[in-house]
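See structure below.
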Amino acid sequence: MPPPPSPDLDAIAAGSRPALARALTAIENDLPGADALLASLAGRVGRAHVVGITGAPGAGKSTLINALLGELLARDRRVAVVAVDPSSPVSGGALLGDRVRMGTHGSDERVFIRSLSSRGQLGGLSRKTAHAVDLFDAAGFDVVIVETVGVGQSEVEIARLADTRVVVCAPGLGDEVQAIKAGVLEIADILVVNKADSPVAAATVRDLEARGGAHGTGWEVPVLTTVATSGEGVAALADRIDEHARVAGVGRRREAAAVAAPSAPSAPATDDQLFAQIERWRAEGRGVALATVVRTWGSSPRPEGSHLAVERGGAFVGSVSGGCIEGAVIGEAQDSIADGKARLLEFGVSDEQAWEVGLACGGRVQVLVERVDDELFGPLLAARRAKRPVALVTRLADGAHALVFYDAVAGELPLDDAQLTETRARLAANRSGALAAARDANEDATEAPLFARCHVGAPRMIIVGAVHITQALAPMAAIAGFDVVVVDPRRAFATPERLPNVEVSTEWPDEALERLQPDAQTAVITLTHDPKLDDPALTIALASPAFYIGSLGSTRTHAKRVARLTEAGLGEAIPRIRAPVGLDLGGRAPAEIAVAILAEVIQTRHQQ
């Protein structure tokens, strides 16, 4: 049997009920395409009013929802219902009785009812409920009603999902204490006593009114009465639900997710990770667009040259603002994939938005969005795979490009000598930005017409000697953005336990460096204090364009090293060796020496 078709968000947004049903099935059962679909919802959620309806079994929640559906339809609303039913402990299935009781309006094109099995999930909600809500939101429903299993006070998860929480109570809750106990009643924005035609309903209303309570500024929790079977009180309930949305707003689940996220955001994807994802998407036949920060003013969240890659369904990797403008950029990227046109966007980042992503104040950012096509990005991706440094120069006015290598230029964009010289200087320093030569020629322009994005790959650090200093230096260098390789043929030293998460080679240093081929983005550091290991590595490093070469040892040790290397015919290259290695910070502990070495490496790299 062929696999089911992947969910199509465009068809869902266009109102296709079969497409929506397939997507819900894919999400609930983790079918192929579900993860990509969920990722593509970014920027399309947050508009629907999510109403959670909960309460003890027997309160008449499903019947009340059926009546509420009729009232909302009369007000010309599109309504989706997620009814979570208890699951069998044997089969995991559910009776789906909630859907049976809401059948009156199920055939209306403006209504979509979906039952989900709780599958043993505590808290009253299925683990897939939030995903289903997001999908209904993206599909354009005005209201999404979520009905929980109905197991009593454990149903507080609805508090994090719903914008308006309606707790339905049956007449005769028991003793008065039941109405006051912490739990499900405490999450209510609206309390409803259903089956209000019961003789004991008035007493229940009094018990609930006596507990009082307010949720936030401007909202006092009301106690309403309804008779769902006749429709009595349902219009008043709909009025209070609308009123609460006006007072409290919508999007509670998104705010809750933000609060639950780690206080320190994860690091953006590296260039290597981002372009590897672009290649995977293209290999799968997906359209891709690339957004690049090309100019910033003030305290922009991300520096010039930062990338965000977006595939046609809305999945993305990278960042251009730390979260302030990604939603808008993703939408523009999808348009660029569709029509092939580049877009130059400008956004203001407010002080409040900047504060949310860890900055003291806001600013402005300009972002170029363009479709990834073979003609341009094929050569760029090939250069990155070959680790060949290249700068992509773009004329922002029309999206024309040139690829500038140290020894060649390609592309339709003509560059004069001054622009080529500046681009190659930026490439050597790995510093993306607007070309000053272009600005000087266009002093009256409000935007720099040429932008150079440098692609040089991550710098490398080859450390010879898996010693105590290396145990501190290797992870610090990795954090600073270096690809680290530790070389030591002494297997007792070169172990994963001593150097976790670090690439370790037990080759002899000369063999390892012959294989690794140090280039202009490589630092070579020898730390063994053993001439049999250090000298062969230094011999190869001195014959390479490595930007930094350092060796551990005192002045007297280095004098002996100089004599040996001079005798080997390397006298003219010896001044390239930094010895004693590292800046003179005065430290003597291994970690302090490691800091001094890394500081000198970084300083040398940026002073080239």
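The values are calculated or read from the model by the stated rules, or taken from the named source; none is laboratory data. Small disclaimer: the values here were computed from a predicted structure and weren't measured. Here the Cβ is made from the backbone with ideal geometry for all residues, glycine too, and neighbour counts use every protein chain on show. Keep in mind that these areas ignore ligands, DNA and RNA; they rest on the heavy atoms of the full protein, side chains included. Shrake-Rupley method; radii C 1.70, N 1.55, O 1.52, S 1.80 Å.
Can you give me the number of residues within the range 591-608 that are in contact (Cβ under 8 Å) with a residue 24 or more places away in the chain and surrounded by 12 or more Cβ atoms within 10 Å (Cβ to Cβ)?
Total meeting the criteria: 11.
Pick from Ala512, Ala494: which is buried (at least 16 other Cβ atoms within 10 Å of the Cβ), farther than 23 Å from Ala596 by Cβ, without any contact (Cβ under 8 Å) to a residue 40 or more places away in the chain and not basic (Lys, Arg)?
Being buried (at least 16 other Cβ atoms within 10 Å of the Cβ), farther than 23 Å from Ala596 by Cβ, without any contact (Cβ under 8 Å) to a residue 40 or more places away in the chain and not basic (Lys, Arg) holds for just one of Ala512, Ala494, which is Ala494.
Look at Ala599 and say whether it is at pLDDT 95 or above and within 16 Å of Thr522 (Cα to Cα).
yes
Test Ala591 against the stated conditions and say whether it is outside any helix (DSSP H, G or I), within 19 Å of Ile463 (Cβ to Cβ) and of a type in the set (A, V, I, L, M, F, W, C).
The answer is no for Ala591.
Only one residue in Glu243, Glu311 is at pLDDT 85 or above, touching a Lys or Arg at 6+ places or on another chain (Cβ under 6 Å) and not aliphatic (A, V, I, L, M). Which one?
Being at pLDDT 85 or above, touching a Lys or Arg at 6+ places or on another chain (Cβ under 6 Å) and not aliphatic (A, V, I, L, M) holds for just one of Glu243, Glu311, which is Glu311.
Please work out which one of (1) under 42 Å from the mean Cα position of the chain (by Cα); (2) farther than 17 Å from Leu598 by Cα; (3) surrounded by 20 or more Cβ atoms within 10 Å (Cβ to Cβ); (4) not charged (D, E, K, R) is the condition Ile525 fails and give its number.
If we test Ile525 against (1) under 42 Å from the mean Cα position of the chain (by Cα); (2) farther than 17 Å from Leu598 by Cα; (3) surrounded by 20 or more Cβ atoms within 10 Å (Cβ to Cβ); (4) not charged (D, E, K, R), just (2) comes out false.
Could you please give the count of residues in the range 538-570 that are more than 16 Å from Gln521 (Cα to Cα) and small (Gly, Ala, Ser)?
So the answer is 7.
If I ask for residues that are within 20 Å of Ala477 (Cα to Cα) and basic (Lys, Arg), which ones from the range 488-516 would you list?
Scanning the range 488-516 gives a single hit, Arg498.
Which residues, counting only those in the range 389-409, are more than 23 Å from Val369 (Cα to Cα) and in contact (Cβ under 8 Å) with a residue 24 or more places away in the chain?
Result: no residue meets the conditions.
Just the residues that are closer than 22 Å to Ile602 by Cα, hydrophobic (A, V, I, L, M, F, W, C) and not in a loop (DSSP other than H, G, I, E, B), please, taken from the range 559-579.
Answer for the range 559-579, where residues must be closer than 22 Å to Ile602 by Cα, hydrophobic (A, V, I, L, M, F, W, C) and not in a loop (DSSP other than H, G, I, E, B): Ile574, Ile577.
For the range 410-427, what are the residues that are buried (at least 17 other Cβ atoms within 10 Å of the Cβ) and under 19 Å from Ala520 (Cβ atoms)?
The answer is Leu420, Glu422, Thr423, Arg424, Arg426, Leu427.
When residues of the range 550-600 are filtered for being more than 17 Å from Val467 (Cβ to Cβ) and hydrophobic (A, V, I, L, M, F, W, C), how many remain?
So the count comes out to 12.
Yes or no: the range 123-131 includes at least one residue that is open to solvent by 10 Å² or more (accessible area, probe 1.4 Å), modelled with pLDDT of 65 or more and in contact with a strand residue (DSSP E or B) (Cβ under 8 Å, 6 or more places away or on another chain).
Within the range 123-131 (the criterion being open to solvent by 10 Å² or more (accessible area, probe 1.4 Å), modelled with pLDDT of 65 or more and in contact with a strand residue (DSSP E or B) (Cβ under 8 Å, 6 or more places away or on another chain)), the answer is yes, since at least one residue qualifies.
Output the number of the condition that His558 fails; it satisfies all remaining conditions of (1) without any contact (Cβ under 8 Å) to a residue 24 or more places away in the chain; (2) within 38 Å of the chain's Cα centre (by Cα).
Against the list (1) without any contact (Cβ under 8 Å) to a residue 24 or more places away in the chain; (2) within 38 Å of the chain's Cα centre (by Cα), His558 comes up short only on (2).
Looking for whichever is open to solvent by 30 Å² or more (accessible area, probe 1.4 Å), in contact (Cβ under 8 Å) with a residue 40 or more places away in the chain and within 30 Å of Ile597 (Cα to Cα) here; the options are Ala458, Ala386. Which one fits?
So the residue among Ala458, Ala386 that is open to solvent by 30 Å² or more (accessible area, probe 1.4 Å), in contact (Cβ under 8 Å) with a residue 40 or more places away in the chain and within 30 Å of Ile597 (Cα to Cα) is Ala458.
This table checks each residue for (1) part of a loop (DSSP other than H, G, I, E, B); (2) surrounded by fewer than 19 Cβ atoms within 10 Å (Cβ to Cβ); (3) modelled with pLDDT of 75 or more; (4) within 25 Å of the chain's Cα centre (by Cα).
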| site | (1), (2), (3), (4) |
| --- | --- |
| Leu24 | no, no, yes, yes |
| Asp30 | yes, yes, no, yes |
| Leu37 | no, no, yes, yes |
| Gly52 | no, no, yes, no |
| Ala59 | yes, no, yes, no |
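Please determine whether any residue of the range 578-590 is within 21 Å of Val487 (Cα to Cα), touching a residue at least 60 places away in the same chain (Cβ under 8 Å) and open to solvent by 30 Å² or more (accessible area, probe 1.4 Å).
Yes, the conditions are met somewhere in the range 578-590.
Can you name the number of the only condition in (1) part of a helix (DSSP H, G or I); (2) touching a helix residue (DSSP H, G or I) at 6+ places or on another chain (Cβ under 6 Å) that Val524 fails?
Checking Val524 against (1) part of a helix (DSSP H, G or I); (2) touching a helix residue (DSSP H, G or I) at 6+ places or on another chain (Cβ under 6 Å), the one that fails is (1).
Output the residues belonging to the range 530-558 that are assigned to a helix (DSSP H, G or I), modelled with pLDDT of 95 or more and of a type in the set (S, T, N, Q).
If the condition is that a residue be assigned to a helix (DSSP H, G or I), modelled with pLDDT of 95 or more and of a type in the set (S, T, N, Q), then Thr539 is the only one that fits.
Listed here are the residues, each with its yes/no results for (1) basic (Lys, Arg); (2) modelled with pLDDT of 90 or more; (3) part of a helix (DSSP H, G or I).
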site	(1), (2), (3)
Leu191	no, yes, no
Ser198	no, yes, no
Leu208	no, no, yes
Gly216	no, no, no
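Within the range 171-185, can you find the residues that are modelled with pLDDT under 85 and within 13 Å of Gly55 (Cβ to Cβ)?
Passing the criteria: Leu173, Gln178, Ala179, Gly183, Val184, Leu185.
List the residue pairs whose Cβ atoms are under 6 Å apart, where the first residue sits in the range 419-437 and is over 20 Å from Asp519 (Cβ atoms), the second is in a loop (DSSP other than H, G, I, E, B), and the two are 6 or more positions apart or on different chains.
Hits for this filter: Gln419/Leu435; Glu422/Leu435; Gly433/Glu304; Ala434/Ala448.
Given the criteria farther than 22 Å from Val369 by Cα, part of a helix (DSSP H, G or I), at pLDDT below 85 and not aromatic (Phe, Trp, Tyr), does Asp444 qualify?
no
From the set of residues in the range 316-365 that are at pLDDT below 75 and aliphatic (A, V, I, L, M), which is surrounded by the most Cβ atoms within 10 Å (Cβ to Cβ)?
So, considering only residues that are at pLDDT below 75 and aliphatic (A, V, I, L, M), the one surrounded by the most Cβ atoms within 10 Å (Cβ to Cβ) is Val349.
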